[in-house]
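Student: Right, I'll just put the structure down here and ask away after.
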Amino acid sequence: MTGQPEEQAGSPGDVVPAAAVQPPLGGHPAWLSRLLEEAAPHPAPCPRPARWGDLVVGGRDLVIAVATTGTNAVACARQARAAQDSGADLVELRADLLEACATPQAPLEQLAQEAVAAAAAMTQATSGHLPLLLTFRTATEGGSLETDDDAYTALLGEVLDRLAGAGTAVAALDVELERGCLATLVTGAAAQGLGVLSSSHDFQGVPADCVLLERLWRMQAAGAQVAKVAVMPDTEGEVRRLLDLTSRARAELEIPVVVIGMGALGEVTRTQGWRLGSALSFATAGAGAVASAPGQLPVAVVRAASGQ
Ligand SMILES: O=C1C[C@@](O)(C(=O)O)C[C@@H](O)[C@@H]1O
């Protein structure tokens with residue numbers, strides 16, 4: 001399985017396939033029903049929620065994000081508008097899916113310029129009312145950006161420079177933990193009044209709990225405002241482990257945590273994970289929506305199934 005966007009039917013108005021709808025509490029496997037019954041109806045707010053404009057990540061309510069999959073500014077603007085119409089709280093610009101990233105050896109100035117232009121178009125399409133998360137997902141973590149760590153650092157630095165005074169709704173950058181530049185970019189982003197969500201992805205399976213927890217801790221220690229891991233469960237046992245990890249990470253860390261199980265088996269982490277403390281869920285929006293990662297469900301399904 002790759003991290004490339006996958007075709008997925010569904011918009012808030014569409015009929016959703018039965019398999020995609022989470023069953024009511026009694027319909028979950030016994031272990032999950034027990035876990036949810038024991039959980040508070042709402043997770044307690046985080047000690048250090050992230051505030052991106054009016055949006056609070058790690059507050060009382062689940063934040064639902066929709067990612068773009070468009071290859072140019074016009075398509076991304078259309079998707080941002082669909083996200084807004086669907087009631088999403090945040091839109092992620094997957095800048096690695098824009099055309100320039102498909103051009104071998106494209107200069108980083110061109111990649112940064114194209115990303116900021118798409119962010120500006122998305123801002124205009126949503127009248128500036130929907131905060132943006134700007135992400136360059138590298139190929140090693142399931143995205144389309146082929147780069148080394150130095151070039152990645154330079155690219156995000158260039159994006160930050162170009163965002164200054166650009167008047168976009170970009171509220172935060174996604175910075176991959178393993179690129180080794182998180183603390184530097186946290187400082188650079190803060191200087192522009194922007195936040196950082198740090199991320200780590202495994203498309204091959206689910207690492208040990210201690211490995212995932214350690215990643216989340218390193219993200220917090222480096223100054224990220226939100227810490228996120230997305231992994232690929234292959235068994236129900238791994239899904240259960242992820243939900244347990246969510247509660248544990250939420251109890252231990254001060255910043256909001258996001259724990260995602262990708263793929264069909266992981267869907268329950270996208271709808272029920274917030275009850276255990278996962279602050280953010282990625283969903284799809286619009287007719288013929290394309291998911292940016294496997295297992296994403298329409299915004300309306302996530303809202304309904306999570307009881308929001
Ligand atoms: O990191 C994430 C989470 C994600 O991979 C998901 O599984 O929903 C989707 C990506 O677009 C986003 O950058």
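The values are calculated or read from the model by the stated rules, or taken from the named source; none is laboratory data. None of the values given here were measured: they were computed from a predicted structure. All Cβ positions, glycine included, derive from the backbone under ideal geometry; neighbour counts span all protein chains shown. We work out accessible area using only protein heavy atoms, side chains counted, and drop any ligands, DNA or RNA first. Shrake-Rupley method; radii C 1.70, N 1.55, O 1.52, S 1.80 Å.
Student: Work out how much length residue 99 to residue 61 would gain on full extension: take 0.36 nm times their residue separation and subtract the Cα-Cα distance, in nm to one decimal.
Tutor: Numbers: separation 38, 0.36 × 38 = 13.68 nm, distance 3.50 nm.
Stretched fully, the residue 99-residue 61 segment lengthens by 10.2 nm.
Student: So, in nm, how far is label residue 211 from label residue 40 when the simple model puts each one 7 Å beyond its Cα toward the Cβ?
Tutor: 3.2
Student: Kirkwood hydrodynamic radius for the range 169-308: how many Å is it when counted over pairs of different Cα atoms? Don't skip to the answer; put the middle values down first.
Tutor: Numbers: mean 1/r = 0.0652 Å⁻¹.
It is 15.3 Å.
Student: In terms of modelled amide H atoms, which long-range or inter-chain residues lie less than 5 Å from the amide H of residue 260?
Tutor: Distant-sequence amide H within range of residue 260: 229, 230, 231.
Student: Once you've got the GNM for the chain with C-alpha springs shorter than 10 Å, pick whichever of 70, 223, 193 has the biggest mean-square fluctuation.
Tutor: 193
Student: For the range 30-303, with every protein chain kept in place, what is the accessible area per residue (1.4 Å probe, Å²)?
Tutor: 36
Student: Right, another one. Please find, in a Gaussian network model of the chain (springs between Cα atoms separated by less than 10 Å), the residue of 199, 144, 278 whose mean-square fluctuation is greatest.
Tutor: For the chain, modelled as a Gaussian network with Cα springs under 10 Å, the answer is 144.
Student: Between 67, 112, 208, where does the largest GNM mean-square fluctuation fall for the chain, given springs only between Cα atoms within less than 10 Å?
Tutor: Looking only at 67, 112, 208, the biggest GNM fluctuation is shown by 208.
Student: Okay, moving on. For the chain, state the average projected area of the convex hull of the C-alpha atoms over all orientations, rounded to one decimal in nm².
Tutor: Working: hull surface 55.1 nm².
Averaged projected hull area, Cα only: 13.8 nm².
Student: Can you say what percent of the DSSP beta bridges in the chain, counting only those with both residues inside, are antiparallel? Round to 5.
Tutor: Details: 5 of 39 bridges.
The answer is about 15 percent antiparallel.
Student: Calculate how steeply helix 236-252 sits against the longest principal axis of the alpha-carbon atoms of the chain, using the helix alpha-carbon long axis, and give the answer as 0 to 90 degrees to the nearest 10.
Tutor: 70
Student: Obtain the nm distance between the two label points defined at residue 75 and residue 124 by a simple spin-label model: each point lies 7 Å from its Cα along the Cα-to-C-beta direction.
Tutor: According to this spin-label approximation, the distance is 1.9 nm.
Student: Using θ = phi - 60° and the Karplus curve 6.51 cos²θ - 1.76 cosθ + 1.60, what whole-Hz ³J(HN,Hα) does each residue of the range 184-190 get, with Gly and Pro shown as x?
Tutor: Listing the rounded values in order: 4, 6, 4, 5, x, 5, 4 Hz.
Student: Something else now. For the range 122-138, in order, what is each residue's ³J(HN,Hα) by Karplus, 6.51 cos²θ - 1.76 cosθ + 1.60 with θ = phi - 60°, in whole Hz (x at glycine and Pro)?
Tutor: With coefficients 6.51, -1.76 and 1.60, one gets 5, 5, 5, 5, 10, 6, x, 8, 10, x, 10, 10, 9, 10, 10, 7, 7 Hz.
Student: Leaving out ligands, DNA and RNA, what percent of the accessible area of the range 30-303 is carbon and sulfur, probe 1.4 Å? Write out the running numbers ahead of the final one.
Tutor: Values: 4990 of 9940 Å².
With neighbouring chains kept in place, the figure for the range 30-303 is 50 percent.
Student: Go ahead and estimate [θ] at 222 nm for the chain from helices alone: -39,500 (n - 2.57) per DSSP H run with n ≥ 4, summed, over the residue count, rounded to 500. Display every interim value, and only then the final one.
Tutor: Working: 9 runs with 108 residues, N = 308.
Rounded to the nearest 500, it is -11000 deg cm²/dmol.
Student: Hey, another quick one. Between residue 151 and residue 113, what is the label-to-label distance in nm when each label sits 7 Å out along the Cα-to-Cβ direction?
Tutor: Going from the residue 151 label point to the residue 113 one covers 1.8 nm.
Student: Ok, one more. Tell me, what ³J(HN,Hα) does each residue in the range 198-209 have, in order and in whole Hz, if you take phi through Karplus 6.51 cos²θ - 1.76 cosθ + 1.60 with θ = phi - 60° and put x for Gly and Pro?
Tutor: For the range 198-209, the Karplus-derived couplings read 9, 9, 8, 10, 10, 8, 9, x, 10, x, 4, 3 Hz, x marking Gly and Pro.
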